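Shown next, in C-alpha cells, is the structure this report addresses.
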Amino acid sequence: MFKIGYRTIKTAIGTPMAIYLAQLIGLQSFASAGIITILCIQRTKKKSLRAAGDRFAACLIAMAYSYLFFEWLGYTPPVIGLMLLLFIPTTVALKVSGGIVTSSVIILHLYASNSITMATLFNEFCLVVIGISVAFLVNFYMPSMDREIISYKEKIEDLYRIILKELSEYLVTGNSIWTGKEIIEADNAIKKAVFYAAVDLENHITGSEDSYYHYFKLRERQLGILKRILPLAGKMDLSEHEGSREMGEFIGHLSDNVHHRNTTEEHIKQLEDLLDELKKKDIPANFDEFERRAALFQLGKELKDYLIIKSTVKPLPYTRVRRG
C-alpha cells in the first residue's frame, strides 16, 4: 500500500481551487493558476513564505522582460533564448531564482499572445496572485511535530541513561557484557530528532520556537563526547586503579539525572572534587599505572565538557513535555 502525504493532499486541494477561482473571474489560460499553485506548495510555512515572495518577484520581472524583449525584438524563439540569458542571471542576482520555473509559465503565455497589452499583463498578474495565494493558504496548515519530537526526546534520554549505567557498571565492577548498540541507536535517533525539530522550527514563522532543535543539537554534541569516553574507560582496571570505582559511581549518579532540566552546577562541583581527590593520590609507580591515571583524568575532563554542554540547554516548553 502506498502512503499519501500532506503535501500531496494539499496539492490535490489547492490546484483545483486555484483553477476554479481563475476560471470564475474569467481569466485567460486559467489552468495555469493550478500549475503555479503546484509549483508553490512547500513542506514548511517558512519555505512557503519564501517561495511565495521569490515567485511573485520573479514573475513581475518576467512580465517586464517579456514586454521589452517581445515587443521590441519580436515574438520568435531566438528572442526567448536571448531573454532567458538575461532573465535567469537577474533572478539569481536578486536571490529569487526559486521563481524561475513559475516565471517560465508566464513568459510562454506572453509569447503565445503575440501582443502584450495592459489587459494581457493584468491577466497574468491575476494568475500569479491566485496561484501563489492559494498555495500559501493551503500551506498555512502544517501537521504538528510534537508527537515525534517528544517521542525522540524520551528515547534519546532513555538511551543515554543506559549508556551511562553500562559505563558506570564497567568502571565499578570491571565487568560488562554490553554490546554498545545503544550508541548506534542514539546516533540514529538524534539525526531523526534534529530533522523533525528543524521542520517544526520552519513551521514557526517568527522563529521563536527553536528550543527543541537547540536541545537535540546539544545532545548530538554530548553523544560525540560519550563516544570518546568509551575507549578511555577501556583502559581502566578496577583491580589496580581504585579511582575507577569513584568515577564509575559518579557516572552512575549522572545516569539517574538524564533529563532536560538543568542540574549541572552541583554535578560539576562533585566532579571537580573527585578529580581533586585523585590528584592527591600517590604518583603512579609504572608506565601502565600512569597511562590509566592519565586516561582517568581525560575521562573526567570529557565528563565535565558533557555537563557544560548540558548547562546550556534552554528551558523546554513544559506544556509539550510528558515527563522529564
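Scan the range 162-172 and tell me whether some residue there is open to solvent by 20 Å² or more (accessible area, probe 1.4 Å), in a helix (DSSP H, G or I), touching a Leu at 6+ places or on another chain (Cβ under 9 Å) and closer than 28 Å to F250 by Cα. Reasoning before the result, please.
Taking the range 162-172 and keeping what is open to solvent by 20 Å² or more (accessible area, probe 1.4 Å), we get 162, 165-166, 169-170, 172.
Remaining after also requiring in a helix (DSSP H, G or I): 162, 165-166, 169-170, 172.
Now drop any that are not touching a Leu at 6+ places or on another chain (Cβ under 9 Å), which leaves 170, 172.
Filter once more, so that each one left must be closer than 28 Å to F250 by Cα: 170, 172.
Yes, the range 162-172 contains at least one residue that is open to solvent by 20 Å² or more (accessible area, probe 1.4 Å), in a helix (DSSP H, G or I), touching a Leu at 6+ places or on another chain (Cβ under 9 Å) and closer than 28 Å to F250 by Cα.
Going through the range 18-66 one residue at a time, which ones are aromatic (F, W, Y), in a helix (DSSP H, G or I) and in contact with a helix residue (DSSP H, G or I) (Cβ under 7 Å, 6 or more places away or on another chain)? Spell out the reasoning first.
Within the range 18-66, the subset aromatic (F, W, Y) is 20, 30, 56, 65.
Applying the additional criterion that residues be in a helix (DSSP H, G or I) yields 20, 56, 65.
F56, Y65 - these are the residues of the range 18-66 that are aromatic (F, W, Y), in a helix (DSSP H, G or I) and in contact with a helix residue (DSSP H, G or I) (Cβ under 7 Å, 6 or more places away or on another chain).
Of all residues in the range 95-123, count the ones that are under 23 Å from I38 (Cα atoms) and either in a loop (DSSP other than H, G, I, E, B) or charged (D, E, K, R) (or both). Walk me through it before giving the result.
So the first thing to find is which residues in the range 95-123 are under 23 Å from I38 (Cα atoms), and the list is 95-112, 120-123.
Of the ones still in play, those that are also either in a loop (DSSP other than H, G, I, E, B) or charged (D, E, K, R) (or both) are 95-96.
Result for the range 95-123: 2.
Answer yes or no as to whether P77 is touching a residue at least 60 places away in the same chain (Cβ under 8 Å) and surrounded by fewer than 16 Cβ atoms within 10 Å (Cβ to Cβ). Working first, answer last.
Values: touching a residue at least 60 places away in the same chain (Cβ under 8 Å): no; surrounded by fewer than 16 Cβ atoms within 10 Å (Cβ to Cβ): yes.
No.
The values are calculated or read from the model by the stated rules, or taken from the named source; none is laboratory data. A quick note: this is a predicted structure, and the numbers were derived from the prediction, not measured. Please note: Cβ atoms are built from the backbone with ideal geometry, for glycine as well, and neighbour counts cover all protein chains shown. What goes into the accessible areas is simple: the full protein's heavy atoms, side chains included, and nothing from ligands, DNA or RNA. Shrake-Rupley method; radii C 1.70, N 1.55, O 1.52, S 1.80 Å.
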